[in-house]
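S.K.: There's a structure below that I have some questions on.
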Amino acid sequence: MTTVEDIKAMFPEIDLEAIRAKYAFERDRRERGDAGKLYRRATGELAKYGVDPHTPVAAREAVNDHVEVLVIGGGIAGLSVAARLRESGIESLRIVEEGGDFGGTWYWNRYPGLRVDIESHVYIPRLEEIGGFPTERYSRGYEIREFLHKLARHFDLYRDALMHTRATGIEWQDGRWVVRTDRGDAFTATYVIAASGGLATPKLPNIPGIEDFQGALFHSSRWDYSVTGGGEREPLTGLEGKRVGVIGTGATGVQIVPEVAKYAERVTVFQRTPSTVSFRGNQATDETWIGPGEPGWQRRRMDNFLAMVSGANPEEDLVKDGWTENWRLLRRHNTGTYVSELEGELRELYEEYLDARVMNAVRARVDEIVEDPKTAELLKPWYRFACKRPTFTDLYLPAFNQPNVELVDTADFGGPSQVTEKSVIVGDQEYPIDVLVVATGFEAGMTAVLSGTLPVIGRKGRSIREVWSKGLRTLHGYMTHEFPNFFQMGPVQSPNAVNFSHILQLHGEHVTAMIAAARQAGAAYIEPTREMEDAWSAELLEVTAPEADVIVAFKAACTPGFYNGEGKYRATPSEYRPGPVVFQAMLADWRANRFSEVLHSAEDLLDDATPVEV
Ligand code: NDP
């Protein structure tokens, strides 16, 4: 039988107590008090930072018709479900999209150096159907965007789409949804699918004085090439002679810094917490790269990757990259479990050692690459691997060897203390800045339905937020009682995974299967009962319970960030812990055997006398 001593002996190079103490010290150094006040939205006096810099808004007439299906959001979620719906034979289909074109996060984010962090061949939806092949293992942002546009053309999704249009509310009236938008539209829809995305709302840092800055300032998702010169494929010639400040060193910041450093006179990186920066290993790819490419290759590769990173433990690892290498450590922030020969405390200890070994290698890589020991020390992440979104790049760390790049540690101050008209202040140091890039992230996981920016009023006159005031209520994360023919594709009460594109595609397949089956059955409405929601909540609680304490303890020990609610993590059974592979099998079984239970005739719903809960 394995003992604690056996496990310690497996990791002779690791002083776990010292690492624990250092992690706790660094976490405490970053404790930031009121997590709710760290960021500001691009509204009010900061509204200009939310404006679309990529496409001018074209005038158009308001729309007042009826469509069978409305999809709100034209990113990967919306495009995936719409493509499936089109394939299922739905002709009357409209997508409303806030951006000037499809792409969602890949529309907005055009910063220099942008690449996908998940292998393109498992990330880009429907490659086999739409044709073409990624030119690199980790494609540039514009290549992903072009593939998404190709997908939209392939499935004829531009027809009837409304760009630069934000749905401002939907309300159930007389057996259908009435939809209003910020462009004056008022039309109706039989089905509405909310696919507005969980990385849609940029966060601006709440630094005193930020509104006074007189230089150029923009969020990474609103990159202003009129300031920096160049474009996604061209040199940033406008930065010559400029002093650029970058706030934010997450997955976005680490991609931006090396690009900006090529052109700017000086780059000052204001770091609060360093990311883990692992080997990228990018390479050119073509049709021959994945082998014979037999039909179905992409789905097999996607399924294999999903199984790897969510603990289903397949025999073969087809992708073999930084994600699949560390799959055991990833289960802490992604749903999914795996069978281990170790149980309980022994398993936790073993994983902690394993984590320390991986993180030691990440820190050693910093020493290998970064020449200045002081800078190297600051760039080392002191937390467990899954505390923050890991990053993968071979360009970021070497950038700090350039004489024009400086790193400023702001951890003791919770970030820069002040922005003035011409500078950024940290403690008593002032840094003159001409261009300030804020790569400070998004309201992660906060969909328009959850935040209330898309009010949804159901058939009993109540808003969905009111119905959820005591906690989320859904069946499988997609449907809610009182809201017929309304589906949401978001990260609630369902599983998650690092290849979120895959998860969204699975959501799209399930929602399409339900709509297609309802149409075939001639049912007017799809809506779960309250009892079904209760049963789903109870199941979530049950499957979360065995690991709940471990996860809470793990997250509490992490440095603050959006993975742990900025240090205020509370365990809520909003994730399906057994993971996406188990979830898909369960849904397929449910569709085959129990789907009819959510189908209703028009009379059914009109006769519904269930009292409204108060
Ligand atoms: P993140 O939220 O991950 O990172 C924000 C960064 O800004 C953190 O380093 C944070 O520091 C820092 N920050 C925020 N406020 C301040 C402040 N006042 N002072 C100093 N620093 C501050 O945002 P990203 O845009 O980097 O990434 C968001 C998500 O987008 C990722 O998790 C990933 O899912 C996705 N993404 C994917 C990419 C890909 O696949 N290629 C590329 C980029 C993003 P701290 O950690 O201390 O809070």
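The values are calculated or read from the model by the stated rules, or taken from the named source; none is laboratory data. Since the structure is predicted, the reported quantities are computational estimates derived from the model, not experimental observations. Every residue, glycine among them, receives a Cβ derived from its backbone with ideal geometry; neighbour counts consider all protein chains shown. Protein only, heavy atoms only, side chains kept; ligands, DNA and RNA dropped before computing areas. Shrake-Rupley method; radii C 1.70, N 1.55, O 1.52, S 1.80 Å.
S.K.: Look through the range 219-237, keep the residues that are under 20 Å from SER423 (Cβ atoms) and surrounded by fewer than 24 Cβ atoms within 10 Å (Cβ to Cβ), and return whichever of them is nearest to the ligand (Cβ to nearest atom).
M.R.: Here the residue is ASP224.
S.K.: Follow-up. If I filter the range 303-316 for residues that are among the acidic types (Asp, Glu), modelled with pLDDT of 95 or more, open to solvent by 10 Å² or more (accessible area, probe 1.4 Å) and within 16 Å of the ligand (Cβ to nearest atom), do I get at least one hit?
M.R.: So far as the range 303-316 goes, no, none of its residues is among the acidic types (Asp, Glu), modelled with pLDDT of 95 or more, open to solvent by 10 Å² or more (accessible area, probe 1.4 Å) and within 16 Å of the ligand (Cβ to nearest atom).
S.K.: Also: Using beta carbons and a limit of 6 Å, which pairs, at least six apart or on different chains, have the first residue in the range 404-423 and under 21 Å from VAL257 (Cα atoms) and within 10 Å of the ligand (Cβ to nearest atom) and the second one in a loop (DSSP other than H, G, I, E, B) and among the hydroxyl-bearing types (Ser, Thr, Tyr)?
M.R.: Sorted first by the residue in the range 404-423, then by its partner, the pairs are PRO416/THR410.
S.K.: Restricting to the range 406-423, and then to whatever is assigned to a helix (DSSP H, G or I) and of a type in the set (A, V, I, L, M, F, W, C), can you tell me which residue is most open to solvent (accessible area, probe 1.4 Å)?
M.R.: PHE413
S.K.: Right, next: Based on this model, can you work out whether GLU146 counts as open to solvent by 10 Å² or more (accessible area, probe 1.4 Å), under 26 Å from ALA58 (Cα atoms) and without any contact (Cβ under 8 Å) to a residue 12 or more places away in the chain?
M.R.: yes
S.K.: Can you find a residue in the range 208-218 that is within 13 Å of the ligand (Cβ to nearest atom) and in a helix (DSSP H, G or I)?
M.R.: yes
S.K.: Hey, another quick one. Quick check on my filter: what residues within the range 219-228 are of a type outside the set (S, T, N, Q) and either assigned to a helix (DSSP H, G or I) or free of Cβ contacts under 8 Å to residues at least 12 places away in the same chain (or both)?
M.R.: ARG222, TYR225, VAL227
S.K.: Next question. Tally the residues that are open to solvent by 40 Å² or more (accessible area, probe 1.4 Å), part of a helix (DSSP H, G or I) and touching a Leu at 6+ places or on another chain (Cβ under 9 Å), restricting the search to the range 554-595.
M.R.: 2
S.K.: Ok, one more. Anything in the range 521-537 that is open to solvent by 40 Å² or more (accessible area, probe 1.4 Å) and either on the phi > 0 side of the Ramachandran plot or hydrophobic (A, V, I, L, M, F, W, C) (or both)? List them, or say none.
M.R.: Correct list: ALA521, GLY522, ALA535.
S.K.: Report yes if ALA518 is in a helix (DSSP H, G or I) and surrounded by fewer than 22 Cβ atoms within 10 Å (Cβ to Cβ), otherwise no.
M.R.: So ALA518 fits the description; yes.
S.K.: Sticking with this structure for a sec: Checking ARG145 against (1) among the basic types (Lys, Arg); (2) away from the ligand (no atom under 16 Å from the Cβ); (3) not in a loop (DSSP other than H, G, I, E, B): exactly one of these is not met. Which one?
M.R.: Every listed condition holds for ARG145 apart from (2).
S.K.: Another question about this same structure. Out of all the residues in the range 67-82, is one or more assigned to a loop (DSSP other than H, G, I, E, B) and over 19 Å from the mean Cα position of the chain (by Cα)?
M.R.: Filtering the range 67-82 down to residues assigned to a loop (DSSP other than H, G, I, E, B) leaves 73-75.
Next, only the ones that are over 19 Å from the mean Cα position of the chain (by Cα) stay: none.
No; the residues of the range 67-82 include none that is assigned to a loop (DSSP other than H, G, I, E, B) and over 19 Å from the mean Cα position of the chain (by Cα).
S.K.: Quick one: which of ARG357, ARG389 is of a type in the set (Lys, Arg) and either in a helix (DSSP H, G or I) or away from the ligand (no atom under 16 Å from the Cβ) (or both)?
M.R.: Being of a type in the set (Lys, Arg) and either in a helix (DSSP H, G or I) or away from the ligand (no atom under 16 Å from the Cβ) (or both) holds for just one of ARG357, ARG389, which is ARG357.
S.K.: Something else about it: What's the total number of residues in the range 43-64 that are in a loop (DSSP other than H, G, I, E, B) and touching a residue at least 40 places away in the same chain (Cβ under 8 Å)?
M.R.: Number satisfying all stated conditions: 12.
S.K.: Does the range 439-453 include one or more residues that are outside any helix (DSSP H, G or I), among the aromatic types (Phe, Trp, Tyr), modelled with pLDDT of 95 or more and within 29 Å of VAL309 (Cα to Cα)? Even if it seems obvious, please write down each step before you answer.
M.R.: Restricting attention to the range 439-453, the residues satisfying the condition of being outside any helix (DSSP H, G or I) are 439-447, 452-453.
Keeping just the survivors that are among the aromatic types (Phe, Trp, Tyr) gives 442.
Next cut, modelled with pLDDT of 95 or more only: none.
No, because not a single residue in the range 439-453 is outside any helix (DSSP H, G or I), among the aromatic types (Phe, Trp, Tyr), modelled with pLDDT of 95 or more and within 29 Å of VAL309 (Cα to Cα).
S.K.: I've got another one for you. Which count do you get for residues in the range 99-108 that are buried (at least 24 other Cβ atoms within 10 Å of the Cβ) and either acidic (Asp, Glu) or assigned to a loop (DSSP other than H, G, I, E, B) (or both)?
M.R.: Looking only at that region, the number is 3.
S.K.: Right, next: Please specify each residue of the range 424-452 satisfying the condition of being polar (S, T, N, Q) and touching a residue at least 40 places away in the same chain (Cβ under 8 Å).
M.R.: THR440, THR447, SER451
S.K.: Related question: In the range 325-373, which residue that is farther than 26 Å from THR2 by Cβ and of a type in the set (Lys, Arg) is most open to solvent (accessible area, probe 1.4 Å)?
M.R.: ARG365
S.K.: Which one is farthest from the ligand (Cβ to nearest atom) among residues in the range 195-207 that are more than 14 Å from ALA42 (Cβ to Cβ) and not hydrophobic (A, V, I, L, M, F, W, C)?
M.R.: SER196
S.K.: Looking at this structure, is VAL71 in contact with a helix residue (DSSP H, G or I) (Cβ under 6 Å, 6 or more places away or on another chain) and within 30 Å of ASN485 (Cβ to Cβ)?
M.R.: Considered against the rule, which asks whether it is in contact with a helix residue (DSSP H, G or I) (Cβ under 6 Å, 6 or more places away or on another chain) and within 30 Å of ASN485 (Cβ to Cβ), VAL71 comes out as yes.
S.K.: Continuing with this model, one more query. Out of GLY241, GLY198, GLY281, GLY291, I need the residue that is assigned to a loop (DSSP other than H, G, I, E, B) and under 30 Å from SER451 (Cα atoms). Which one? Spell out how you get there, then give the answer.
M.R.: On the way: GLY241 fails: under 30 Å from SER451 (Cα atoms); GLY281 fails: under 30 Å from SER451 (Cα atoms); GLY291 fails: under 30 Å from SER451 (Cα atoms).
Residue meeting the stated conditions: GLY198.
S.K.: Take the conditions over 25 Å from GLY231 (Cβ atoms), within 16 Å of the ligand (Cβ to nearest atom) and touching a residue at least 60 places away in the same chain (Cβ under 8 Å) and apply them to VAL179. Does it pass?
M.R.: When the stated conditions are applied, VAL179 does not pass them.
S.K.: When the range 259-272 is examined, which residues are found to be open to solvent by 50 Å² or more (accessible area, probe 1.4 Å), in contact with an Asp or Glu (Cβ under 9 Å, 6 or more places away or on another chain) and either within 11 Å of the ligand (Cβ to nearest atom) or assigned to a loop (DSSP other than H, G, I, E, B) (or both)?
M.R.: Step one: list which residues in the range 259-272 are open to solvent by 50 Å² or more (accessible area, probe 1.4 Å), which gives 262-263, 265-266, 272.
Add one more test, that the residue is in contact with an Asp or Glu (Cβ under 9 Å, 6 or more places away or on another chain), and what stays is 263, 265-266, 272.
If the condition is that a residue be open to solvent by 50 Å² or more (accessible area, probe 1.4 Å), in contact with an Asp or Glu (Cβ under 9 Å, 6 or more places away or on another chain) and either within 11 Å of the ligand (Cβ to nearest atom) or assigned to a loop (DSSP other than H, G, I, E, B) (or both), then TYR263, GLU265, ARG272 are the ones that fit.
S.K.: May I ask you to say which residue of GLY508, GLY452, GLY471 is within 23 Å of GLU575 (Cβ to Cβ), in the same structural domain as ARG110 (by TED's automatic domain parsing) and open to solvent by less than 10 Å² (accessible area, probe 1.4 Å)?
M.R.: GLY508
S.K.: Looking at ILE256, ILE247, which is the one that is buried (at least 24 other Cβ atoms within 10 Å of the Cβ), within 25 Å of ARG32 (Cα to Cα), near the ligand (Cβ under 10 Å from one of its atoms) and aliphatic (A, V, I, L, M)? Working first, answer last.
M.R.: Details: ILE256 fails: within 25 Å of ARG32 (Cα to Cα).
After applying the criteria, what remains is ILE247.
S.K.: Would you mind stating whether LYS374 is in a loop (DSSP other than H, G, I, E, B) and either out of contact with any Ser or Thr (no Cβ under 9 Å at 6 or more places or on another chain) or not small (Gly, Ala, Ser) (or both)?
M.R.: no
S.K.: If you go through the range 424-438 one residue at a time, how many are away from the ligand (no atom under 16 Å from the Cβ) and part of a loop (DSSP other than H, G, I, E, B)?
M.R.: 2
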